[in-house]
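Novice: A single structure is presented below for examination.
The numbers here are math on the coordinates, done by the rules we state, and not lab data. Here the structure is a predicted model, which means the values were calculated and not measured. Cβ coordinates were reconstructed from backbone atoms using ideal geometry, including for glycine residues, and neighbour counts include every protein chain displayed.
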């Protein structure tokens, strides 16, 4: 007897904190050809960081890899939405950190793993080292009826996508039906979440204008080190937790300094998420901790 | 009014201006490409090595207006910020 993942979660009581999100303007059309599957989003691992906000900086990423590997049903793929490593001025050290990160996440059981840079990986050298180890910084792929687009808004140190990539994005979107299921993966928020803390993309409005005519678009991103959900028009934006330290809620304090590590609740505020793509165009998000649900 | 950007500070990091009194901020960097952005006053400038960037400003009203570096410049980039204090 075999059971699918949803049945398993129901039987095992692993519901966790679930957000159901959907943006289908015309779900009966949008669901055509789509399939149900799930992927895992991890973000902002900052490999190489050292400091009081995470006294287990060397152990948190391996714990996250182990937590993903322990999922009862492995995801179709895993995506890291940037800041794989913590920045360094030293190009050799940058490559060393990226290589170490790659080696550690090579331990994931899921072998379909997607990456993109964060500003800590790519803003000091326009992602030169990143590309040596991980390839292109923006790309698209199709998976079981969903068109995924990775957008690079960090290789420009001013946090812009840039005209060239926006042109590529337009061409990529033009090739998609207006009711296609589209998921954008990126690092910074595409919308001006809190520009006072630079939680925005300089030319994000242009990307959103290109996406807006498409009926079924959902964005998953990182950068802000906390779960956050927002809607611009019909486009939903979901920020993921970090795997190094949490940051405060937008504008909740004068500075965007890391929240302190709490020895009584280690790893609080850290985690990753499952994204279950369902039909019609709906996503079920489940937030998981690195130390169990 | 001169402001020098240097990893990862502005010198000075607090300036006091008078509301309604025009001022020119002269921005320079001691090392790499930096930025200065003050969302509340609508200010934004690149600060490039080897040249001064001038920003004209007429502070509209008293208050405290934070600014920050919006060009990623290294490890403590996120902490690089300052404050424009406008008095009556």
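Novice: Just the number, please: percent antiparallel of the DSSP beta bridges in segment A:195-293, rounded to the nearest 5.
Specialist: Taking every DSSP beta bridge within segment A:195-293, about 70 percent pair in antiparallel fashion.
Novice: Name the residues of segment A:67-81 whose amide N is less than 19 Å from a point 7 angstrom out from the Cα of residue A:36 along the C-beta direction?
Specialist: Answer for this model: A:72-77.
Novice: What number, in percent, do you get for the relative contact order of segment A:217-293 if the mean sequence gap of Cα pairs under 8 Å and at least 6 apart is divided by its residue count?
Specialist: Once normalised by length, the contact order is 22 percent.
Novice: Test of understanding: in a Gaussian network model of chain A with alpha carbons linked when under 10 Å, which of A:158, A:150, A:200 would top the mean-square fluctuation ranking?
Specialist: Among A:158, A:150, A:200, the largest GNM mean-square fluctuation belongs to A:158.
Novice: Which residue fluctuates the most in chain A, going by a Gaussian network model with Cα springs under 10 Å, if the choices are A:91, A:280, A:75?
Specialist: Between A:91, A:280, A:75, it is A:91 that shows the largest mean-square fluctuation.
Novice: Specify the residue with the greatest mean-square fluctuation among B:42, B:20, B:50, computed from a Gaussian network of chain B linking alpha-carbon atoms under 10 Å apart.
Specialist: Looking only at B:42, B:20, B:50, the biggest GNM fluctuation is shown by B:42.
Novice: Which shape class, rounded, prolate or oblate, goes with segment A:46-96 when its Cα gyration tensor gives a ≥ b ≥ c as root eigenvalues, a/c under 1.5 marks rounded, and past that a/b bigger than b/c marks prolate?
Specialist: In terms of gyration-tensor shape, oblate.
Novice: Report the FRET efficiency, 1/(1 + (r/R0)^6), for residue B:58 and residue A:52, where r is their Cβ-Cβ distance and R0 is 41 Å, rounded to 0.05.
Specialist: Computed FRET efficiency for residue B:58 and residue A:52: 0.45.
Novice: Then there's this: Only counting other Cβ atoms within 10 Å, I'd like B:64, A:119 sorted with the fewest neighbours first.
Specialist: By the 10 Å Cβ count, ascending: B:64, A:119.
Novice: Restricting the count to DSSP beta bridges whose residues both fall in the protein assembly as shown, what percent are antiparallel, rounded to a multiple of 5?
Specialist: For the protein assembly as shown, the DSSP antiparallel bridge percentage is about 60.
Novice: State, to one decimal in nm, how far the label point of residue A:133 lies from the label point of residue A:73, with both points 7 Å from Cα in the Cβ direction.
Specialist: Each label point lies 7 Å from its Cα, and together they span 3.3 nm.
Novice: Tell me whether the protein assembly as shown comes out rounded, prolate or oblate; compute the Cα gyration tensor, take square roots of the eigenvalues as a ≥ b ≥ c, and use a/c under 1.5 as the rounded threshold.
Specialist: Taking the square roots of the gyration eigenvalues as a ≥ b ≥ c, the protein assembly as shown is prolate.
Novice: Order these by the 10 Å Cβ neighbour count, fewest first: B:61, A:284.
Specialist: B:61, A:284
Novice: Any idea what the relative contact order of chain B is, in percent, if you count C-alpha pairs under 8 Å spaced at least 6 apart?
Specialist: 36 percent
Novice: Looking at the square roots a ≥ b ≥ c of the eigenvalues of the Cα gyration tensor of segment A:53-178, which shape do they give, rounded for a/c under 1.5, prolate if a/b is larger than b/c, or oblate?
Specialist: Oblate is the answer for segment A:53-178, as a/c is 1.5 or above yet b/c matches or exceeds a/b.
Novice: Order these by the 10 Å Cβ neighbour count, fewest first: A:43, A:252, A:242, A:289.
Specialist: A:252, A:289, A:242, A:43
Novice: Largest first and in whole Å, what are the equivalent-ellipsoid semi-axes of segment B:20-77 based on the Cα gyration tensor, each being the root of 5 times an eigenvalue?
Specialist: Result for segment B:20-77: semi-axes of 22, 14, 7 Å.
Novice: Output the relative contact order of chain A, whole-number percent, from Cα pairs under 8 angstrom with separation of 6+ residues.
Specialist: 25 percent
Novice: Contour minus end-to-end for residue B:4 and residue B:18, with contour as 0.36 nm per residue of separation and end-to-end as the Cα-Cα distance?
Specialist: Answer, rounded to one decimal: 3.0 nm.
Novice: Moving to a separate point now. Rounded to the nearest 5, what % of DSSP beta bridges with both residues in segment A:163-247 are antiparallel?
Specialist: DSSP beta bridges in segment A:163-247 are roughly 40 percent antiparallel.
Novice: With a Förster radius of 22 Å, plug the Cβ-Cβ distance of residue A:164 and residue B:26 into 1/(1 + (r/R0)^6) and report the FRET value to the nearest 0.05.
Specialist: 0.10
Novice: Here's a follow-up. Hey, what number do you get for chain A at 222 nm if only DSSP H runs of n ≥ 4 count, each worth -39500 (n - 2.57), divided across all residues, to the nearest 500?
Specialist: Using -39500 (n - 2.57) per qualifying helix, the result is -7000 deg cm²/dmol.
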